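This report concerns only the one structure given below.
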Amino acid sequence: MMKSLTILAALTLAAPAVAQQSFAAPQGCTAKLTVQHKGCIMINVWQCDADDPGDQWIALLTQAGVFSIQKVDDEFQWLENYKVTGNERLLQPAQDPASLTELFDSQIDTWDFTLETETGEERHVGFDMLTGETTTIDGEPLLNTQFQGRTLDADGNEIEAGSGRQYVSEAHRLFLFGEAWDDATPNDVIDLSPVEFIYPGEPGFFSDSPKFECNVIESTYRP
């Protein structure tokens, strides 16, 4: 999704978050999944008893610590996002809500929604499309997707336009990073594809330490 391209750009431009020493799901919540990605990032996923059924929380961590904590619903709409570059909230109802159900049923899902950010409203318009291919990573079957979209400010001015290839898990109802690029520089591809899926009881579950390509990504945090 285009929203993922926004995070990819922010990861390479934002000042690093304060590093933390451990990670745990909040009280009243259950840790579900850890995914280690390329590019020295990882996610931890949990669900909370007080939330609506299907809601999930996703923490995105870099080698510097937590970059963002995001709440999504069962359709993978971004409900809330708390990150080092500023917090965001979905304005509902969306004009054309993101919908995993629509994507799985029709092979394509268009979306048109607005986020309230600390610097003003941002409108996201675009689509996700299944390619018909499946990739298995660390034993996890993932559907391959393509996406294209634009981000507009409150006056309709284009902030960015980008495209990419991602993965989506039917079992977890999660989008996962893949490759993304700005439409103006299509040869500058950022690849943050998943490498390992880790479940409760397995080594590395709910770690706070990304493990892949960290020496490569480290240079992006130099002033």
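Output the residues belonging to the stretch 90-129 that are under 17 Å from Asp153 (Cβ atoms), of a type in the set (Asp, Glu) and touching a Leu at 6+ places or on another chain (Cβ under 9 Å). Within the stretch 90-129, Glu116, Glu121, Glu122 meet the criteria.
Residue count for the stretch 11-56 under the criterion of being modelled with pLDDT under 95, surrounded by fewer than 16 Cβ atoms within 10 Å (Cβ to Cβ) and closer than 25 Å to Tyr167 by Cα: the result is 2.
Checking Thr101, Thr85 one by one, the residue that is in a helix (DSSP H, G or I) and polar (S, T, N, Q) is Thr101 and no other.
Test of understanding: among Glu122, Glu80, Glu160, which residue is assigned to a strand (DSSP E or B), free of Cβ contacts under 8 Å to residues at least 60 places away in the same chain and in contact with a Ser or Thr (Cβ under 7 Å, 6 or more places away or on another chain)?
On the way: Glu80 fails: in contact with a Ser or Thr (Cβ under 7 Å, 6 or more places away or on another chain); Glu160 fails: free of Cβ contacts under 8 Å to residues at least 60 places away in the same chain.
It is Glu122.
In the stretch 189-212, the residue that is farthest from the chain's Cα centre (by Cα) out of those that are at pLDDT 95 or above and of a type in the set (Asp, Glu) is Glu202.
Quick check on Leu152: is it in contact with a strand residue (DSSP E or B) (Cβ under 6 Å, 6 or more places away or on another chain), closer than 24 Å to Thr34 by Cα and hydrophobic (A, V, I, L, M, F, W, C)? Give the steps one after another, and end with the answer.
Values: in contact with a strand residue (DSSP E or B) (Cβ under 6 Å, 6 or more places away or on another chain): yes; closer than 24 Å to Thr34 by Cα: no; hydrophobic (A, V, I, L, M, F, W, C): yes.
No.
If the condition is being without any contact (Cβ under 8 Å) to a residue 40 or more places away in the chain and not in a strand (DSSP E or B), then the stretch 136-157 contributes Ala154, Asp155, Gly156, Asn157. Residues being touching a strand residue (DSSP E or B) at 6+ places or on another chain (Cβ under 8 Å), part of a helix (DSSP H, G or I) and crowded, with 16+ Cβ neighbours inside 10 Å are represented in the stretch 198-218 by at least one member.
When you check Asp109 against the structure, is it in contact with a strand residue (DSSP E or B) (Cβ under 8 Å, 6 or more places away or on another chain), closer than 29 Å to Glu196 by Cα, touching a residue at least 60 places away in the same chain (Cβ under 8 Å) and buried (at least 16 other Cβ atoms within 10 Å of the Cβ), yes or no? Answer is no for this residue. Look at Glu158 and say whether it is touching a Lys or Arg at 6+ places or on another chain (Cβ under 9 Å) and either on the phi < 0 side of the Ramachandran plot or buried (at least 18 other Cβ atoms within 10 Å of the Cβ) (or both). Here the answer is yes, as Glu158 does meet what is asked.
In the stretch 138-152, the count of residues that are over 17 Å from the mean Cα position of the chain (by Cα) and surrounded by 17 or more Cβ atoms within 10 Å (Cβ to Cβ) is one or more.
The values are calculated or read from the model by the stated rules, or taken from the named source; none is laboratory data. This structure is a prediction, so every number in the text was calculated from the model and none was measured. We place every Cβ from the backbone using ideal geometry, glycine too, and count neighbours over all the protein chains shown.
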